[in-house]
Amino acid sequence: MRKYYSGLLLAIGFLTQAQEKPVIQKEDVVRIETELASDAMQGREIFTPGINIASTFIENEFKTIGLDFYADLKDYKQQFEAKGKSANNVIGILPGKSKPSEYVVFSAHYDHLGMIDYGSDKVYNGANDDASGVTAVIALAKYFKALNNNERTIIFVTFTGEEVGGYGSAFFSQNINPDNVVAMFNIEMIGTESKWNKNSAYITGFEKSDFGTILQKNLQGSNFNFYQDPYPQEQLFYRSDNARLAAVGVPAHTISTSKMDSEPNYHKASDEVSTLDLDNMTEIIKAIAISSQSIINGTDTPTRIPKLR
């Protein structure tokens, strides 16, 4: 009787464990963010050794997670030339189960401003801009890989060259059929609290599609809120990597918490991990995961954005 009871408990334990959903762990967020924003990355400026170190780190994360290669690539690098020099995005995918030709993109830029040759702090670490977004992309890749129920193909891409003209997102956008892209979640600067404090973020170009409305619906009953961009005068919708695909009709929006009227570390060497709220950042990543679920499983399809060209 005792053996049977113990075995029954053990079986129930395994069943419960198998039914548990994956969780985005703060420990992962801290580890990835700390590495990307370390001095060893040398500020991640395009065309420098630092950006290559960052690329290798992201590639290894994608490999550890078990992402597939994108399109006909033989590894996670999408290589191209900019200003006559070699550069690369880092891309991995989770093929869709029933709608593999419909794509949902999660993106962020992994480049920053590099280093200066004067002062006591010479490295522009870019902890918030945009190591925070890249951290989110990697954490979401791990989450959705473990969840293993995406009906649409998910593309996880980290762009290079955003700070100097959007070279990476331009190349990516020119080499994908925009008609196949259902939605783009571009994640930019989520390491500090928004103007509404914790458990909140805003979506650029909110009024241009029903993307944001879908995300809000999926978060009903939670303590997290997505808001419209409170800084329309800054034209943020056109200033990040979402803009290239948005221009050709994709509901491509940026999620951010950056207080554009009061971010003391923006584009400064003081943008370091110590200035971030990593607990809140973890909750933001969780909210993105939950709010995107109906788009990923094919239940919701955001309306298209009117083409700019």
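The values are calculated or read from the model by the stated rules, or taken from the named source; none is laboratory data. Just so you know, these numbers come straight off a predicted model, no measurement behind them. With ideal geometry, Cβ positions are generated from the backbone for all residues, glycine too; neighbour counts draw on all protein chains shown. These area figures cover heavy atoms from the full protein model, side chains too; ligands, DNA and RNA do not enter into them. Shrake-Rupley method; radii C 1.70, N 1.55, O 1.52, S 1.80 Å.
For region 195-284, just say rounded, prolate or oblate: build the C-alpha gyration tensor, square-root its eigenvalues into a ≥ b ≥ c, call rounded for a/c under 1.5, and beyond that prolate if a/b exceeds b/c, oblate if not.
oblate
Looking at region 73-171 only, what percent of DSSP beta bridges run antiparallel? Nearest 5 please.
DSSP beta bridges in region 73-171 are roughly 60 percent antiparallel.
For a quick check: with amide H placed at 1.01 Å from N, whose amide H comes under 5 Å from Y227's, ignoring anything fewer than 5 positions away on the same chain?
For Y227, whose amide H was placed from the backbone, the distant partners under 5 Å are A201, Y202, I203.
What is the antiparallel percent of DSSP beta bridges lying wholly in the chain, to the nearest 5?
45
What ranking do 216-228, 60-72 get when scored by the average of other Cβ atoms within 10 Å per residue, highest first?
60-72, 216-228
How high is the FRET efficiency from S222 to D261, r the C-beta distance, R0 25 Å, rounded to 0.05?
Once rounded, the FRET efficiency stands at 0.40.
Could you sort E45, E188 by their accessible area in this structure, using a 1.4 Å probe and putting the largest first?
Ranked list, largest accessible area first: E45, E188.
If you take the square roots of the eigenvalues of the alpha-carbon gyration tensor of region 37-95 and sort them as a ≥ b ≥ c, do you get rounded (a/c under 1.5), prolate (a/b over b/c) or oblate?
Because a/c hits 1.5 or more and a/b fails to exceed b/c, region 37-95 counts as oblate.
Working from Cα positions, state the angle (0 to 90°, nearest 10) between the long axis of helix 132-147 and the longest principal axis of the chain.
Result, in degrees: 20.
Starting at the first residue of region 37-54, write each ³J(HN,Hα) from the Karplus equation 6.51 cos²θ - 1.76 cosθ + 1.60 with θ = phi - 60°, in whole Hz, x for Gly and Pro.
Taking θ as phi minus 60°, the curve returns 9, 7, 4, 4, 7, 6, x, 6, 6, 4, 6, 10, x, x, 5, 5, 5, 5 Hz for region 37-54.
Going by Cα centres, region 101-119 and region 22-81 are how many Å apart?
Region 101-119 and region 22-81 have Cα centres separated by 10 Å.
Mind running the shape call on region 8-155? Use the C-alpha gyration tensor, a ≥ b ≥ c as the square roots of the eigenvalues: rounded below 1.5 for a/c, prolate if a/b tops b/c, oblate otherwise.
Taking the square roots of the gyration eigenvalues as a ≥ b ≥ c, region 8-155 is oblate.
Give, in whole angstrom and from largest to smallest, the semi-axes √(5λ) of the equivalent ellipsoid of the chain, with λ running over the eigenvalues of the Cα gyration tensor.
So the equivalent ellipsoid measures 30, 23, 21 Å along its semi-axes.
What FRET efficiency do you get for T56 and E81 if R0 is 22 Å and r is their Cβ-Cβ distance, rounded to the nearest 0.05?
Efficiency, rounded to the nearest 0.05: 0.65.
As a test question: what accessible area, to the nearest 10 Å², does H267 have when a 1.4 Å probe is rolled over all protein chains in place?
Spelled out: H267, probe radius 1.4 Å, area about 70 Å².
Compute the angle between helix 2-19 and the longest alpha-carbon principal axis of the chain, please, reported from 0 to 90 degrees and rounded to the nearest 10.
The helix 2-19 is inclined about 30 degrees to the chain.
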